[in-house]
Amino acid sequence: MLKQIKTLIIVTAFIISFSENVYAYDTGEIIDISYLIENAAELDQQEVTVSGEAVGEAMNRGSHSWININDSTNAIGIWMSSSEAQKIKYFGNYKYKGDVLKISGTFNRACKEHGGEADIHSITLEIEETGHGEDEQISSTKIAVAALSAALAASLMALFLIEIRSNK
């Protein structure tokens, strides 16, 4: 009887240990997008969390929208409801620093729904930092290099015209 109880305990422990879904990452752990792409086979269909700046613009497709985020290691497309996408106020470009988003969702290394591209289907969206306008600052070094380049180009053009006139 004692042998049967031991066997029952071991079998129960074994079944319980394999009854939970095990993910490669805790959904709270932020993964670099480059790491996600480099390990796409292992992470395919897993729930992941990424964080990055919203860039470009929202591309509305009816009830859902595409947005792109960049975490400075890489960028990836995020498929989310259009109502969630409307929460994003700033998208990064030359004039704006985009909202920094924390997105949890299902990673697809080759999404069948979206033409075989890698993407994340968003489950939750959190705005970690609101974007803002950027004042474009042109450094004095860039201005000096541009002025010298223009002067060099003008000098070369003058020499070229003098050469053409002297050959006539």
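We did not get these values from a lab; they are worked out from the coordinates using the rules stated. It should be emphasised that the depicted structure is a prediction, and the values quoted were computed from it without experimental measurement. So basically every Cβ, Gly included, is an ideal-geometry build from the backbone, and we count neighbours across all protein chains shown.
Please arrange Val55, Val100, Val145 by counting, for each residue, the other beta carbons lying within 10 Å of its beta carbon, fewest first.
Ordered by Cβ neighbours within 10 Å, fewest first: Val145, Val55, Val100.
Per the Debye calculation on segment 26-133 with a single equal scatterer at every Cα and no solvent contribution, log₁₀ I(q)/I(0) for q = 0.18 Å⁻¹ amounts to -0.81. The distance between label points at Asn70 and Thr130 comes to 2.3 nm (points 7 Å beyond Cα on the Cα→Cβ vector).
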